[in-house]
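See below for the structure under consideration.
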Amino acid sequence: MGNYLVHLRELNIESMVLRIILAMAVGGVVGFDREKKGQAAGFRTYMLVALGAAVTMILSQYMGLMLTTKWAPSGELAGIKADAARFGAQVINGIGFLGTGTILVTAKSEVKGLTTASGLWASACMGLAVGAGFYEGTFVGFMLIIISVKILPYIEHAVLTRSRNMNIYVEMDSIENIGPIVNFIKKRDIKLYDIEINKAKDHENKSLSALFTLRLPKREEHTAILAKLSTLDGIIIIDEV
């Protein structure tokens, strides 16, 4: 087993095919989970990112090997020095531009796409690890990524839904509706840290939105507070962000 693993770390056809297929599989599994959740970057995007990173890492190893063996005389004559890490560094830099395109701020002042962007970056890193033949690190990293995207969201949701800190986005008919909301908050001994009010850009539309930053006196279900606030007059949309 040990000798075969050493064989797979070498640059040969069998090793390169395995690395590329493994990179595609790892990226595809992570991307499939994001695609099921309706994210912009999904199955094919993650697969291509991991595939490209793996091929780039194999290329860097190939260049390093050739410049120290068959191409050594020509390399010395041209003053070319092999740096296997340079290709990988460019992949990490380049993936930042792709990840930035998945991040946006919604009308509710809510940041979306951070998990997708970080998943793309992690997928590229996994591709580099596969391309370098670091199979043990790939397995550990892949398992931790799956835990992060499949299991941790449930734990995060359970913690956040009973957190004492709460941000509420509200769309209402007019600015007069802010008063009842503030009175409701004070009656429940909830601390109001900040109110961010945004008026509609359309002059014919008199509705406005507000983002309330709150601190609850004790841990309780956020859905109960949202349900009671939704019964107030003039509330069009209410949501936690």
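Across all Cα atoms of the range 126-233, the radius of gyration (one decimal) and Dmax (whole number) stand at 21.4, 64 Å.
Could you pull out the pairs from 150/218; 187/228; 112/187; 112/186; 186/228 whose alpha carbons sit more than 24 Å apart here?
Values: 150/218 29 Å; 187/228 13 Å; 112/187 33 Å; 112/186 31 Å; 186/228 14 Å.
Going by Cα-Cα distance, 150/218; 112/187; 112/186 fall outside the 24 Å limit.
All of the numbers you see were taken from the coordinates with simple rules; none came from a lab. Please read these numbers as outputs of a predicted model, since none were measured by experiment.
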